[in-house]
Structures are given as structure tokens and as C-alpha cells.
Amino acid sequence: MRYLSEALYGVKGKVTDAATGEPLAAKLFITGYDIDSSHVYSDTLSGEFYRFLSPGTYTLTFSSVGYINYSTEITISDWNSLVSIDIQMEEASIEYPAPPESGLLIYPNPASGEFSILPPLVHAGEAIVTIATLSGQVMDTRQIVTLPGIPEPLNCSHLPPGIYIVTYNKEGSNTVLRGKVVIWPFISR
């Protein structure tokens with residue numbers, strides 16, 4: 001019985017549609033923590049989720065097809081803590097561009113530092129994205145999960161102005177997609 005009660009420490013909650021209150025099936029990803037498919041999903045019928053976490057501060061990102069990603073930061077103070085949060089996700093009113101047949105769509109380009117990438121539908125999933133200079137110096141590497149047809153936003157405003165090679169390497173396959181992005185912080189949209 002003690003094991004069962006300890007499995008409920010960490011974070012729990014419910015994910016719902018902000019307009020209707022209906023439960024949503026959403027992916028819960030913890031930035032800098034989830035690797036090797038260790039993310040969890042909310043229940044498809046109730047929207048409820050549970051995630052055991054050790055003490056620390058975490059950034060939780062919830063994503064669901066057709067909804068705007070929602071991120072929040074939580075702090076687990078000790079091993080016996082349970083943080084309860086209810087997430088209300090807004091429907092995406094943005095019309096996304098059609099996914100490319102091949103290659104990596106990067107837009108807007110040039111960018112002020114924030115841009116989105118969109119791989120072809122068949123290449124969606126877990127991937128490593130690397131941003132390098134034209135001379136090959138790696139400036140940023142991150143693990144992402146792309147959903148089919150949904151662009152993945154990247155914030156690279158910490159990089160100096162220049163032309164960069166964006167490499168999308170789908171995990172578990174030999175798929176490598178590349179594209180160029182111009183980062184010019186003086187662009188206003």
C-alpha cells in the first residue's frame with residue numbers, strides 16, 4: 001500500500017479544452033528531463049494525468065493536436081509533495097502551412113530569432129535539432145518532439161546575427177533534414 005501512495009507524489013492534474021471544459025488527450029513533456037520517450041499522456045477519456053517526480057523545479061509543456069502548446073513551471077519541494085494543476089488549453093486559431101513533401105520548412109525566414117520548423121508528415125516525432133554556423137560550429141542542440149502537421153517553434157534569439165544550418169535528425173531512423181535560416185534581430189513583424 002505504501003508503494004501505491006508513493007507513486008502519487010509529484011504532479012497530477014487534468015487537461016481540458018478552455019472553451020468547452022471537455023477533457024483532452026495531451027502529451028506532457030518535461031524540458032531537460034524527458035529523454036528516450038519518457039513523457040506521459042493525459043487520459044483520453046478524463047484528461048487526467050499523473051507523473052512521479054523527485055524534488056526540483058520543472059518546466060512542463062502540454063501539447064495536443066489542434067491546440068496551442070501550454071507551458072508552466074512547477075516546484076516539487078520534497079519527496080512527499082504532490083502538486084495539483086489543471087490545464088485549460090486554447091484551440092489553435094492559427095492556420096499552419098502545408099507540410100513539405102521533402103526537406104525542412106523553416107519560417108519566417110529571415111527571422112528575428114524566433115522561427116518554426118516543419119518536417120514532412122512522415123518524419124514527425126522525436127528528433128534532435130542542431131543549429132550550426134556555416135563553418136560547422138554547433139551553436140545549439142535540443143531534443144524536440146514534432147506532431148504531424150504542427151510546426152515546432154524554436155527560440156534562438158540568443159544567437160548572434162548570421163546564417164545558420166538547421167539539422168533535423170529523427171531519432172530511431174537515418175532521416176536527416178537540413179535547411180538554412182537567417183537570424184537578423186532587427187526584423188519586426
- Task: At q = 0.11, 0.12, 0.21 Å⁻¹, work out log10 I(q)/I(0) for segment 2-89 with the Debye formula, treating every Cα as an identical point scatterer and leaving solvent out; two decimals please.
- Result: -0.29, -0.34, -1.01
- Would you work out the charge dipole size for the chain about its Cα centre, treating the Cβ of every Lys and Arg as +1 and the Cβ of every Asp and Glu as -1, and quote it to the nearest 20 debye? 480
- Name the residues whose placed amide hydrogens come within less than 5 Å of the amide hydrogen of LEU154, ignoring near sequence neighbours (fewer than 5 apart) on the same chain. PHE115, SER116, ILE117
- Item | Extension reserve of the TRP79-ILE163 stretch, reckoned as 0.36 nm per residue once the Cα distance is removed | 25.6 nm
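What longest region of the chain stays clear of GluC sites (Glu not before Pro) that DSSP places outside H, G, I, E and B and that have at most 12 other Cβ atoms within 10 Å? Could the numbers behind the result be given before it?
On the way: sites that count: GLU90, GLU95, GLU101.
Counting at most 12 other Cβ atoms within 10 Å as exposed, the longest clean stretch of the chain is 1-89.
Counting other Cβ atoms within 10 Å of each Cβ, which chymotrypsin sites (Phe, Trp or Tyr not before Pro) in segment 19-97 have at most 16 and sit in a DSSP loop?
Here the sparse-neighbourhood loop sites are TYR33, PHE52, TRP79.
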- Message: Using the crude model of +1 on Lys and Arg Cβ and -1 on Asp and Glu Cβ, and no other charge, please compute the dipole size for segment 2-89 relative to its Cα centre, in debye to 20.
- Response: 80
- Task: Give the Debye-formula value of log10 I(q)/I(0) at each listed q (0.19 Å⁻¹), with one equal scatterer per alpha carbon of the chain, two decimals each.
- Result: -1.30
- Message: Please compute the modelled spin-label separation between GLU48 and VAL176, points set 7 Å along Cα→Cβ, answer in nm with one decimal.
- Response: 4.6
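Only the coordinates and a few stated rules stand behind these numbers; no lab work does. Keep in mind it's a predicted model, so treat the numbers as computed, not measured. Every residue, glycine as well, gets a Cβ built from its backbone with ideal geometry; the counts of neighbours run over all protein chains shown.
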